[in-house]
Structures are given as structure tokens and as C-alpha cells.
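First up is the structure itself, then whatever we jot down about it.
The values are calculated or read from the model by the stated rules, or taken from the named source; none is laboratory data. This is a predicted model, so every value here is computed, not measured. Every residue, glycine among them, receives a Cβ derived from its backbone with ideal geometry; neighbour counts consider all protein chains shown.
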């Protein structure tokens, strides 16, 4: 056993020496200058290297700017304003199914430029901060609506002063349990939008009250959204200037689109009450008293601002509602009258428990 170990050691020792000698031979061979050449890369020119670095930096900055624009809506709005200066930016932080075939006069239009400052005619707002955010005006689209507008739907000039606006804000805040500051912003929105569509701001406030109780985030079972309860899936294209359908929950966009739709229906139907029935989708099947509620709410605000009693509003009845009224039964050309005889009441039936029989 000992001899085997000695032999194994000698063999391994010899193998190691041979390996070491071969490595030393290769090193000495490659050490000669004639056996290899050194290839060095040609350095780029200074201008080319600078351009490469600049382009790489610009690409990185562009990526960061793109991400910032995608996630920052105010920055995106400012950028759009600087790129397209021709788009009108209104000075404000700003239903059911509507068939365009029913109103062929309404056509899509790109938002043009209007002088909103002049249209305000010196009016002041209870919440002037709504004038700071740039929002596309709905006025160019509203001007394309053909047909006469019921004078009852036009501006009554009752909310010109901040005192009157504050009076309405306090009343609505107490009635609907809403923050007076938020109500003040909605009223300011309504005043500016009313100028764009040529409607009464008191009417727009009344519609918001009945539709949503001044909750800008509410959505109905039918999909109507926001303060004016606009059916967004039907009016998607109208929200395009405001960032898409998600803008339905923003007061500045929702009030504009809702006011435009309401004006379209008023012009198409010929009267304010009929327009309200179309707005709620009840022109054919009945509005469930919707028009009466809106007009009563409006008259309440008018009485508040004028310090008068609430005027009773005579309601119109549509042809569809007339057809549902059935005449009384007629026999031999005479109306059957109810008998004046009293009907004797039926005596109550006494319940007797059955007796158990012996089995």
C-alpha cells in the first residue's frame, strides 16, 4: 500500500512539472514582439462623440417629458393651449338618450375662438377662482343649433350680483346639505356656461339640483353621470374637447355638455317644458313629473331672488300623455253615474276550531 502511494505521488509530481513547463514555454513564446500585434480602436472624432452624447441625453429627457405629460393633466392642458392657440379656452374651471337624427341641425364642430370676457358684460362671480383654469368653450357648438329658443329658457338676469349668487348658494346648501363653497363654484360655472349657450343660469342650477342634488360624482343605474346627469355613453364625442368620457364627473365639462344638450332639446321641441321632458327621456312615455320639479325649483329660486311668493307654473301636457287619458264609460250617450246606495258591509267570517275526534 505504501509503495502504491509513493508511485502515485511521483506520477502526479511529474505531471505537474510537465504542465508547468508547457505554460512557461507558451508565455515565453507570446512574449516575443514578433508573435503578436496590438490592435487599437480608432478614437471617434470629437464632434461625432459630442453629437452621440447629446442625442442620448435628449432621448432620456424626451421619455421623462412624455411620462410627465401623460400623468399630469394641467401640464397637458397648458401644452395643448400653447400648441393650438386657435382653440377657445373659456374663463372657467369648468338626458337621457339623445339621437342626432332627431336634430339634424346639430353638427360636430371644432372649438373656435370666442371673446368670453366681452360676453360676461362685467358680471362678477361668487367664486372667481373658476376663471383660472383653461376650458374649451361650448359656444361654437351651441351656435349651430337651429330653431327658436323659448323665451322662458333665456337669461332672467337675476344672478348678476354676488349678493344674489350668495343668497342662492346659502339656500341650496341648507336644502341639499352641501358645502356652500362648492355650491358657489357650481353657480359660477352655471353663470359662465349660460353665457355660452344663451340659457338662464337659474334654470341650469335648478336642473343640477333635481338631477344630482349637487353631487358631481353621482351615477344613475342607467349610466347618467355628474351634476347634469349626462348619459355619457350616448354623448361621448361631446366630451372629447375636455379629455374624454372621464370628464363627465368634472363640473366644468359636465355643465357645458348638459347645457348644450338641454338647449338642443328646447330648440327641437319648441318649448322649455317639452325640452325638459326630452332631456330626461320622457317625451314618449312620460317624465314622471320631472319638468314640474325643475320648473318649481326654478320658481322657488326666482321668488327668493325677487322676494316674492312662489308662482305656480302651468304645466303643458304632451300628446303622448293626452293619449293615455281614458274617457269615462258612456252608455246610451249618457255618462254612467255611481249608485248613491250604500253597500252593506259583508259580516266577518267566524273561525271555529275543529274539535278533535276520538280515534
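Values computed for the structure shown
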| read-out | value |
| --- | --- |
| Selected residue [part of a helix (DSSP H, G or I) and within 18 Å of residue 303 (Cα to Cα)] from 191, 210 | 210 |
| Matching option when the condition is touching a strand residue (DSSP E or B) at 6+ places or on another chain (Cβ under 9 Å), at pLDDT 95 or above and buried (at least 16 other Cβ atoms within 10 Å of the Cβ), among 281, 258 | 258 |
| Given (1) touching a helix residue (DSSP H, G or I) at 6+ places or on another chain (Cβ under 7 Å); (2) at pLDDT 95 or above, number of the condition residue 264 does not satisfy | (1) |
| Count of residues meeting criterion [surrounded by fewer than 21 Cβ atoms within 10 Å (Cβ to Cβ) and either closer than 20 Å to residue 139 by Cα or in contact with a helix residue (DSSP H, G or I) (Cβ under 8 Å, 6 or more places away or on another chain) (or both)] in region 211-238 | 8 |
| Residue check, residue 125 crowded, with 21+ Cβ neighbours inside 10 Å, in contact with a helix residue (DSSP H, G or I) (Cβ under 6 Å, 6 or more places away or on another chain) and at pLDDT 95 or above | no |
| Lone qualifier among 327, 345, 314 - being exposed (fewer than 12 other Cβ atoms within 10 Å of the Cβ), at pLDDT 55 or above, in a loop (DSSP other than H, G, I, E, B) and out of contact with any helix residue (DSSP H, G or I) (no Cβ under 9 Å at 6 or more places or on another chain) | 314 |
